[in-house]
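One structure is given below, encoded as structure tokens.
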Amino acid sequence: MVELLKLLLEICRFKKAPQDLPYSVGLLKMLIAIDLVVSFVMINFELTTLRALLEAVVGLLLILLSGWVTVYFSGKQQRFCQTASALIGVDALIGFYAIPALATMATGNNSALVFWVMFGLMIWHWAVTGHIIRHAIDKSLAFGLGLAFLYIVASYKVIAFLFPEVGGAN
């Protein structure tokens, strides 16, 4: 587990790529479970338990779908397991780093520091996702960042459509 964490950190530092992860369906399943827990904790600060769980599952499905679509249309379907493992592992890791800031925001402390920490984590997540996509489909970083940006915008739109806020209340 420590080696996996080191490898995911190296991916987050742009020193490794998804193909450096072992090709393992078991690893992918484990990372899915970890990401669901982390995502649930992140979302549960603001929402009911059921809604947080549903949003976490939808978010995970969107990551898996975007990874599959990306490798499928590039003709590199054999890279799906490692690409999905990298995308999900990085999502869980960066999400874990975001939990203290989200907890601070949930208490009503929306300081500039918390804003900038969250903004930095979002930019970092986008950049690492672009890095993973670039390596998964053998394209430029700019292309990977573009696809990552499209994924982020689309996922926010899907979540907003499926889980609309009624009158600004949860």
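As a ratio to 2.2 N^0.38 Å, the alpha-carbon radius of gyration computed for the range 2-162 takes the value 1.01. The calculated 222 nm mean residue ellipticity attributable to helices in the chain amounts to -27000 deg cm²/dmol, summing -39500 (n - 2.57) over DSSP H runs of n ≥ 4 and dividing by all residues. What helices does the chain hold that run 18 Å or longer along their axis, going by alpha-carbon atoms, with a Kyte-Doolittle average of 1.6 or more, using DSSP H for the helix calls? What comes out of the filter, once short or polar helices are dropped, is 25-44, 49-73, 141-162. If you plug the beta carbon distance of A160 and K6 into 1/(1 + (r/R0)^6) with R0 = 35 Å, you get a FRET efficiency near 0.45.
In terms of the mean number of neighbouring beta-carbon atoms within 10 Å, the peptides 155-164, 87-96, 118-127, 25-34 order highest first as 87-96, 25-34, 118-127, 155-164.
The range 9-60 and the range 80-137 have Cα centres separated by 10 Å.
Dividing the C-alpha radius of gyration of the range 31-78 by 2.2 N^0.38 Å, with N its residue count, gives 1.38.
Note on K76 and I99: their simple-model spin labels are 3.2 nm apart, each label 7 Å out from Cα toward Cβ.
Bear in mind that the values in this text are calculations on the coordinates, not laboratory data. Every value quoted in this text rests on a predicted model; they were computed, and no experiment measured them. We place every Cβ from the backbone using ideal geometry, glycine too, and count neighbours over all the protein chains shown.
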